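Notes follow once the structure below has been shown.
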């Protein structure tokens, strides 16, 4: 499926795509809301979320190493769950990453408000034009851009952890706050600020934060050596989560009373600013903007590859399967960016509510994708066992890990249905899936069969 694409993503690109895609708006803007929901136990929530995404990525990684293809789990859904599921999965994945593009450009406008207020619709317009152009230049340039974006994020997050730890141990004021906070957090009532329900609600934001971890497998179709780069990227996920999520948030809730962290802000900028370290706050806000731009870059890339893969399987118009002289699916990129321009109108019409709507829609779409990946992997394993085929990158404890992970994801969906801020997505998602199913049923004679080679 990927023979017409470039194969210019190097191992270092794959590693940074895996990391860069998972550190974006959900982490920098969503963390404050998650801290409000559950308090210091946000660290435990991210650790649990890390285990969930690791299980999903191991399942996807096993299939990817066995059969690398651009379009990733959509192709596996089609192969192992049927054309109909592949059709629904593909367009749901495209919607997920297209709305993620909308979220990232909106987030940049929100983060810029810390310094200067520019109408968010203008920010969205400019950024979509610039990053759409980057994705039309070539996959090599995409890889280099993402490599440096992710590198900046990683460097400054490490800087933030080091500075935070230094202040906790060396600055008398911060040290006293940290000691008091640690003493208070020993109480279960404070550690789980809103009980088990608050903890489960925070997992919704955690899932959103990990949106993008699938990038590593989507990029496999354009990787020079997927058998080497994919396992290496996935195996490093847990270490990265502990370092860049759990440890960072632990430092934040130690440095400052979590009850005073402002909702819907960058909590890292908020805390450093309130403690009087304005220069550090400026740097962190700049990095948060960089993180959103990095995630935007990746989301455009991934969404366009989903459309390309769907078109190859006659589940999208043929025009999206065409590649240009540089072997880029330029029509798919243009279509994705054009659809993302809807967010310009949305930010002009109802700027105050757009982030809330996007958070809700994206989270449900993520969970749907993860459930499909886990189900496809179970069917994949069944097929391989019948063929007595040895797997190069086998997922441990199959199928128990699949079943346990899916159970946790269903619990998160049920919690969302009981939350007034999130229930919108629970109503919209089934309608979206129903529309896709109807379209497939009405067009089943025309779509779903790949072009003969």
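Every number here is computed from the coordinates shown, using simple stated rules; none is lab data. Please read these numbers as outputs of a predicted model, since none were measured by experiment. Cβ atoms come from the backbone with ideal geometry, glycine included; neighbour counts cover every protein chain shown.
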- Cα pairs beyond 20 Å in the range 330-416, in percent, come to 59
- Could you work out the relative contact order of the range 342-453, using alpha carbon pairs under 8 angstrom and six or more residues apart, expressed as a whole percent? 36
- Query: Relative to the present Cα-Cα distance, how much length would full extension add between residue 387 and residue 172 at 0.36 nm per residue of separation?
  - Reply: 70.9 nm
- Mean Cβ count within 10 Å, highest first, over the residues of peptides 75-82, 194-201, 379-386: 75-82, 194-201, 379-386
- Query: For the chain, what is the Kirkwood estimate of the hydrodynamic radius, computed as the reciprocal of the mean inverse distance between distinct Cα atoms, to one decimal in Å?
  - Reply: 22.2
- Packing-based order for 311-320, 168-177, using average beta carbon neighbours within 10 Å, highest first: 311-320, 168-177
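Quick one: order 91, 148 by neighbouring beta-carbon count within 10 Å, fewest to most. Walk me through the numbers on the way to the answer.
Details: 91 22, 148 14.
By the 10 Å Cβ count, ascending, the order reads 148, 91.
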- Value of [θ]222 nm, deg cm²/dmol, for the chain, DSSP H segments ≥ 4, -39500 (n - 2.57) each, nearest 500: -24000 deg cm²/dmol
- So how do 37, 406 line up by other beta-carbon neighbours within 10 Å, fewest first? 406, 37
- Segment residue 260-residue 423, extension gain: residue separation times 0.36 nm, minus the distance between their alpha carbons: 56.0 nm
- Taking 7 Å along the Cα-to-C-beta vector as the label spot, tell me the residue 324-residue 225 distance in nanometres, rounded to one decimal. 3.1
- Task: Quick one: order 66, 270, 421 by neighbouring beta-carbon count within 10 Å, fewest to most.
- Result: 421, 66, 270
- Computed E for residue 408/residue 438 - FRET, C-beta separation, R0 30 angstrom, nearest 0.05: 0.50
- Task: For residue 232 and residue 353, calculate 0.36 nm times their separation in residues minus their Cα-Cα distance, and state this gained length in nm to one decimal.
- Result: 39.6 nm
- The relative contact order of the range 11-442, taking Cα pairs under 8 Å that sit 6 or more residues apart, comes to a percentage of 35
